[in-house]
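First up is the structure itself, then whatever we jot down about it.
The values are calculated or read from the model by the stated rules, or taken from the named source; none is laboratory data. Fair warning: this is a prediction, and the values are worked out from it, not measured in the lab. Note that each Cβ is placed from the backbone with ideal geometry, even for glycine, and that neighbours are counted across all protein chains shown. These area figures cover heavy atoms from the full protein model, side chains too; ligands, DNA and RNA do not enter into them. Shrake-Rupley method; radii C 1.70, N 1.55, O 1.52, S 1.80 Å.
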Amino acid sequence: MAAVTIRKAHKTYGATPVLHGVSIDIEDGEFVVLVGPSGCGKSTLLRMIAGLEHITTGEIAIGDKVVNTVPPKERDIAMVFQNYALYPHMTVAQNMGFALRMSGRPKAEIDARVRRAASILALEPYLARYPKQLSGGQRQRVAMGRAIVRDPSVFLFDEPLSNLDAKLRVQMRTEIKELHQRLGTTTIYVTHDQIEAMTMADRIVVMHDGVIEQIGAPLELYDTPANTFVASFIGSPAMNMLKGTLKGGDIPFVDTGKAQIPVPGAAAAAVGRAVTVGIRPESLELAENGIAATVVVVEPTGAEILVVADIGGGTYVTAAFHQRYALRPGAPIHLAPAPGQVHLFDDETGIRL
Amino acid sequence: MARKRWAAQTEPQPFLAFVLNTPAVGLLLLLVVYPIVYSFWLSLHAYNLRKPRQFEFIGLDNYADILSSGQFWHAARVTAVFSVGSIGLTVVLGTLLALLLNEKWPGRGVLRAVALIPWAIPPVVNGLVWQWMLEGRHGLLNYIFQSIGLIDSYQAWLSYPETALPALVIAQVWNHVPFVAIVILAALQTVPDELYDSALVDGANIFRRFFFVTLPWLSHALLLVLITQTMVALRTFDIIYVLTGGGPGDSTTVLAWLTYITTFSYTDFGKGNAYAYTIAVLTMILSVFYIRLLWKRGEMAK
């Protein structure tokens, strides 16, 4: 096991910059998820940690050792790939033992370690099979088995669940998290799916266009997003974002032109500025004195109902209610944010106020 | 109205199906099946054009004659040497060329196109080209070898048994390497990059990546190439016709050439067809052998 330290890592392909100085301290045994939209550089960063991509400038250290120029096999890492990358002509057992075989371990030791890993992942019945004879979930598990056989310092996962169907994805999510709790190995996991990130991570690194937007525990990101990008990226359905001007008074409020949203406790210094107000769908409540709106669409999910409403001039907001209100499209309603559940961002920079 | 009647016609019409298929089937029967069956029928007869009225059924006697003649076994040996040499070199060089063409480097596109040219050349023309190359008094090969000091004086390469067969192998290889290279290149381009990444992380060096990732992935393509190249090698006739005529002596008399001279020089159609069938059976046996050798591994690559 080992900590992973990334200091001001830059990456350019030719003249195209991909990463603009990324720094992360990953503690020993931590489960860190790199999340962001496609093209944000998260996979590139993971491949740099693996040694599959060169670091243009900056430093990556595993444990105490800077590994910038160390080849992948000497980094003591194991990686699980998006398409599993199982060797098609090798059996499950041969796949899992391949790395040990390459490092010249005795056959008896390889067999023992493969069997132990197989028992952890319930793969024993499949050891003699070939990858093409396995289902997607089983292949995924073999890919993980191949990683844990080596007992590495760091696990790297590159979007490992994106090829599975929704149900299996949820199941494997739990399995990976459980495996991490059991083995306690430092894990770096890349995904574009914020729900995967929220459910699995000890800490999440939100990336966008080659920079880190925020690093924090899942609920930290959810409750206090550092900027509008994180605010709208984390959470589903996404946070409602409304532009307006912050105005003073007994209770400061944001005037969006169509609605006035009270923001108790807003800094007096920010009064008069152009701001973006963020309100999570579940923070909106039906209230007599709230913002007038017209129901556009009602989407019951079972656990809650999502109501998309027009607050005027085609500006839509989404509200999530746990009560099963009988609302029909076209019905007039009034919506108000729950007290203290309003996020305020600078309109220009997007930074949280 | 007419359209509706057509559309409404859902009854099977076996008669129409037969009528529509008859021209194609008839052509196949006439041009493929009939000659195959007729040539087998001939191979069971004593039939020499020198005595065209004598057409006697002799069962497998032609085959027995062939298998007990020293001529056949000599030609079989020559064929084996020629085939092993040309197939081996073609597959190895073709694979190496494919690996080269699969790497990213400037000029790759041009070379990919150029590499195909020898394949587009008909075997007879290929033979003529190599006839010039190997020519004893003005040949290019002589010039090159002499200027790099490999030989003292010009040699008539095709006039000595020791060099005639290798010369044929080289001509054959030059003609067929592009085909192998293209097939292998196509297979190479389907290898997922992830497998190489994974092998890198697993600590496999460049040679092990080739033997554990690339080569197994190519087994289907190699199977295809081996079978087609074996067929080509066993049937090779054109370049021998042009370059050596089976000589000097009988040093380059392969089975296909023996078939040709038996049939058309000695006009022994019975035995000639028996030779042709012997080659066909030999090819079939070798193909089955290849498939058994490579199929299981290849299937795993899918």
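Just one residue in the set B:Ala276, B:Ala181 is within 29 Å of B:Leu101 (Cα to Cα), more than 14 Å from chain A (Cβ to nearest Cβ) and touching a residue at least 12 places away in the same chain (Cβ under 8 Å); that residue is B:Ala181. So in segment A:64-123, with the set limited to residues that are out of contact with any helix residue (DSSP H, G or I) (no Cβ under 9 Å at 6 or more places or on another chain) and part of a helix (DSSP H, G or I), which one is most open to solvent (accessible area, probe 1.4 Å)? Filtering first and then ranking leaves A:Glu74.
From the list A:Arg129, A:Arg139, pick out the single residue that is open to solvent by 10 Å² or more (accessible area, probe 1.4 Å), within 14 Å of chain B (Cβ to nearest Cβ), of a type outside the set (Val, Ile, Thr) and part of a helix (DSSP H, G or I).
Working: A:Arg129 fails: part of a helix (DSSP H, G or I).
Just a single option satisfies the conditions, and that option is A:Arg139.
Among the residues here, B:Leu226 does not qualify as out of contact with any strand residue (DSSP E or B) (no Cβ under 6 Å at 6 or more places or on another chain) and within 14 Å of chain A (Cβ to nearest Cβ). With respect to the stated conditions, A:Met198 fails to be part of a strand (DSSP E or B) and farther than 22 Å from A:Gly21 by Cα.
Could you look through segment B:94-122, keep only residues that are touching a helix residue (DSSP H, G or I) at 6+ places or on another chain (Cβ under 6 Å) and among the aliphatic types (A, V, I, L, M), and pick out the one that is farthest from B:Thr228 (Cα to Cα)? Full working, then the answer.
Taking segment B:94-122 as the starting set, the residues that turn out to be touching a helix residue (DSSP H, G or I) at 6+ places or on another chain (Cβ under 6 Å) are B:94-95, B:97-98, B:101-102, B:112, B:115-116, B:118-119.
Narrowing further to those that are among the aliphatic types (A, V, I, L, M): B:97-98, B:101, B:115-116.
Working: B:Leu97: 18, B:Ala98: 17, B:Leu101: 22, B:Ala115: 19, B:Leu116: 17 Å.
Ranking the qualifying residues of segment B:94-122, first place goes to B:Leu101.
The single condition among (1) open to solvent by less than 80 Å² (accessible area, probe 1.4 Å); (2) out of contact with any Lys or Arg (no Cβ under 6 Å at 6 or more places or on another chain) that A:Ile311 does not meet is (2). Restricting to segment A:13-28, and then to whatever is of a type in the set (Ser, Thr, Tyr) and either at pLDDT below 90 or under 26 Å from A:Thr174 (Cβ atoms) (or both), can you tell me which residue is surrounded by the most Cβ atoms within 10 Å (Cβ to Cβ)? So the residue we want is A:Tyr13.
Can you confirm whether segment B:199-215 contains a residue that is more than 14 Å from chain A (Cβ to nearest Cβ) and basic (Lys, Arg)? Checked segment B:199-215: no residue is more than 14 Å from chain A (Cβ to nearest Cβ) and basic (Lys, Arg). Here is the figure for segment B:136-190: residues that are assigned to a loop (DSSP other than H, G, I, E, B), closer than 17 Å to B:Leu243 by Cα and open to solvent by 50 Å² or more (accessible area, probe 1.4 Å) total 4. Only one of the numbered conditions (1) open to solvent by 50 Å² or more (accessible area, probe 1.4 Å); (2) within 30 Å of A:Ile188 (Cβ to Cβ) is violated by A:Ala268, and that is (2). Of the residues making up segment B:221-258, those that are out of contact with any Leu (no Cβ under 7 Å at 6 or more places or on another chain), open to solvent by 20 Å² or more (accessible area, probe 1.4 Å) and not hydrophobic (A, V, I, L, M, F, W, C) are B:Thr228, B:Arg235, B:Asp238, B:Tyr241, B:Gly245, B:Pro248, B:Gly249, B:Asp250.
Taking segment A:271-283 as the region of interest, how many residues are open to solvent by 30 Å² or more (accessible area, probe 1.4 Å) and within 16 Å of A:Val317 (Cβ to Cβ)? Explain how you work it out, then say what you get.
Here is the first cut: in segment A:271-283, the residues open to solvent by 30 Å² or more (accessible area, probe 1.4 Å) are A:271-274, A:282.
Those left that are additionally within 16 Å of A:Val317 (Cβ to Cβ): A:282.
Counting residues in segment A:271-283 that are open to solvent by 30 Å² or more (accessible area, probe 1.4 Å) and within 16 Å of A:Val317 (Cβ to Cβ) gives 1.
Of all the numbered requirements in (1) in contact with a Pro (Cβ under 9 Å, 6 or more places away or on another chain); (2) under 19 Å from A:His10 (Cα atoms), A:Gly58 misses one, and that requirement is (1).
Among the strands (runs of 3 or more DSSP E) confined to segment A:269-324, there are none with at least 3 residues that are of a type in the set (Lys, Arg). Is it fair to say A:Phe31 is open to solvent by less than 10 Å² (accessible area, probe 1.4 Å), within 14 Å of chain B (Cβ to nearest Cβ) and of a type in the set (A, V, I, L, M, F, W, C)? So A:Phe31 fails the test.
So, in segment B:116-135, how many residues would count as being open to solvent by less than 60 Å² (accessible area, probe 1.4 Å) and assigned to a helix (DSSP H, G or I)? Total meeting the criteria: 8.
Can you name the residue in segment A:59-108 that is among the acidic types (Asp, Glu) and within 11 Å of another protein chain (Cβ to nearest Cβ) and is also nearest to the chain's Cα centre (by Cα) among such residues? Show your work before the answer.
Of all residues in segment A:59-108, those among the acidic types (Asp, Glu) come to A:59, A:64, A:74, A:76.
Keeping just the survivors that are within 11 Å of another protein chain (Cβ to nearest Cβ) gives A:74, A:76.
Working: A:Glu74: 28, A:Asp76: 25 Å.
Among residues in segment A:59-108 that are among the acidic types (Asp, Glu) and within 11 Å of another protein chain (Cβ to nearest Cβ), the one nearest to the chain's Cα centre (by Cα) is A:Asp76.
Of all residues in segment A:309-327, those satisfying the criterion of being under 19 Å from A:Thr294 (Cβ atoms) and at pLDDT 90 or above are A:Ala309, A:Asp310, A:Tyr316, A:Val317, A:Thr318, A:Ala319, A:Ala320, A:Phe321. Looking only at residues in segment A:238-255 that are part of a loop (DSSP other than H, G, I, E, B) and at pLDDT below 90, the one that is surrounded by the most Cβ atoms within 10 Å (Cβ to Cβ) is A:Pro252. When we screen B:Val129, B:Val177 for residues that are at pLDDT 85 or above and under 16 Å from B:Val232 (Cα atoms), the only hit is B:Val177. Of all residues in segment A:39-53, at least one satisfies being within 14 Å of chain B (Cβ to nearest Cβ), touching a residue at least 60 places away in the same chain (Cβ under 8 Å), open to solvent by 20 Å² or more (accessible area, probe 1.4 Å) and within 30 Å of A:Ser232 (Cβ to Cβ).
Working only within segment B:64-87, note down all residues that are open to solvent by less than 40 Å² (accessible area, probe 1.4 Å) and not in a loop (DSSP other than H, G, I, E, B).
Of segment B:64-87, the ones open to solvent by less than 40 Å² (accessible area, probe 1.4 Å) are B:66, B:69, B:72, B:75-76, B:78-79, B:82-83, B:85-87.
Result: B:Ile66, B:Phe72, B:Ala75, B:Ala76, B:Val78, B:Thr79, B:Phe82, B:Ser83, B:Gly85, B:Ser86, B:Ile87.
Of the residues making up segment A:270-285, just one is more than 11 Å from A:His343 (Cα to Cα) and of a type in the set (Val, Ile, Thr), namely A:Val271.
Scoring A:Asp165 on the criteria (1) more than 29 Å from A:His10 (Cα to Cα); (2) touching a Phe, Trp or Tyr at 6+ places or on another chain (Cβ under 7 Å); (3) surrounded by fewer than 17 Cβ atoms within 10 Å (Cβ to Cβ) leaves a single failure, condition (2). Here B:Ser198 passes the criteria (1) without any contact (Cβ under 8 Å) to a residue 24 or more places away in the chain; (2) of a type in the set (Ser, Thr, Tyr); (3) open to solvent by 20 Å² or more (accessible area, probe 1.4 Å) except the one numbered (3).
Kindly indicate whether any position in segment A:83-92 is of a type in the set (Ser, Thr, Tyr) and out of contact with any Lys or Arg (no Cβ under 7 Å at 6 or more places or on another chain). Give the derivation first.
Step one: list which residues in segment A:83-92 are of a type in the set (Ser, Thr, Tyr), which gives A:84, A:87, A:91.
After this cut, where a residue has to be out of contact with any Lys or Arg (no Cβ under 7 Å at 6 or more places or on another chain) as well, the list is A:87.
Within segment A:83-92, one or more residues are of a type in the set (Ser, Thr, Tyr) and out of contact with any Lys or Arg (no Cβ under 7 Å at 6 or more places or on another chain).
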